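Contents: one structure, followed by commentary.
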Amino acid sequence: MVAHEYAHGYAALRNGDPTAYQLGRLTWNPVKHIDPFMTILLPILTFFGGGFIFGGAKPVPVNPRNYTNYKRGDIMVSLAGIATNLAIALLFIPLIAIIGMLGRQFPAANDSLFLIQLMCRYGIYINLLLAMFNLLPIPPLDGSHVAKYILPPGWALSYQRIGRYGMLVLIAMLTFGRPVLNFWLSPVWALSNAADSLLSPFFLRSQWTA
């Protein structure tokens, strides 16, 4: 999530908007990206209220009026976080293979390397999940900033107004629209399974293996 938000701020800076940089949000310090409601209260409320955990980081502040090209800047900044999550997921693939080879070369470190490898496997899944979820065309998620340019101007304006109810729409979907959400997220399961199949020769086993 920190990488996702940093990417938004960096892309905004490259497109002419220094807002995130000036406010100290262009940082890898996770504390700066914690939102009292989104990062702490909402995950607790959704866990005890709906049996699932939903939350997020504090959105990076941007001012689209500063973009040198408004449309291009809006799309690039919106997709920067998603692209970063996909890049991280891809980087974990060779890392898992390298850890597997190290575990076979250094058996004494096998258990520790197994746990690191397992974290990397979860890293693929979580980053794919973050990327696909943020692609949902529900304002204010990143995907909505691309979808609005596909619509006629009048429709796009009405579509963006949904943003004020976006959080309620998302929670309603998580609560009542699971079949739709599961269909949207189906590439995550497919790609995660494909990565597991590709990397299975490199998987380490240890006393932690079920």
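Observations
- Helix 110-134 and the longest principal axis of the Cα set of the chain meet at an angle near 20°.
- Residues LYS58, LYS148, LYS71, sorted by accessible area with the largest first, give LYS71, LYS58, LYS148 [1.4 Å probe; ligands and nucleic acids excluded].
- Cα gyration tensor shape for the stretch 97-210, rounded if a/c is under 1.5, else prolate or oblate: prolate
- Longest segment of the chain lacking chymotrypsin sites (Phe, Trp or Tyr not before Pro) that sit in a DSSP loop with at most 11 other Cβ atoms within 10 Å: 29-148
- Rolled with a 1.4 Å probe across the full set of protein chains, the surface gives ILE171 an accessible area near 50 Å².
- If you plug the beta carbon distance of TRP155 and LYS71 into 1/(1 + (r/R0)^6) with R0 = 25 Å, you get a FRET efficiency near 0.95.
- Within the same chain, lysines fewer than 8 places from LYS58 are excluded, and of the rest, those with a Cα less than 17 Å from its Cα are LYS32.
- The translational diffusion coefficient of the stretch 76-141, from Stokes-Einstein at 20 °C and 1.002 mPa s with a Kirkwood hydrodynamic radius over alpha carbon pairs, comes to 164 µm²/s.
- If the segment from SER206 to LEU181 were pulled out straight at 0.36 nm per residue, it would be longer than the present Cα-Cα gap by 5.5 nm.
- Distance from the Cα centroid of the stretch 135-210 to that of the stretch 9-56 is 17 Å (rounded to whole angstrom).
- Diffusion constant of the stretch 1-77 at 25 °C, which comes from Stokes-Einstein with the Kirkwood Cα-pair radius and 0.890 mPa s, µm²/s: 185 µm²/s
- Here the dipole of the chain is about 340 debye; that uses its Cα centre as origin and unit charges on the Cβ of Lys and Arg (positive) and Asp and Glu (negative).
- Length released on extending from TRP189 to LEU129, taking residue separation times 0.36 nm less the Cα-Cα span: 20.7 nm
- Computed over the stretch 1-130, the range of Cα coordinates on each principal axis works out to 56, 38, 23 Å, biggest value leading.
- List HIS145, HIS33, ordered by accessible area with a 1.4 Å probe, largest first: HIS145, HIS33
- Excluding same-chain neighbours fewer than eight residues apart, the aspartates and glutamates reachable from LYS148 by a Cα-Cα span under 17 Å are ASP74.
The values are calculated or read from the model by the stated rules, or taken from the named source; none is laboratory data. The model shown is predicted, which means the values in this text are computed figures rather than measured ones. For neighbour counting, all protein chains shown are included, and Cβ atoms are generated from backbone atoms with ideal geometry for every residue, glycine included. The accessibility values were calculated without ligands, DNA or RNA, using every heavy atom of the protein model including side chains. Shrake-Rupley method; radii C 1.70, N 1.55, O 1.52, S 1.80 Å.
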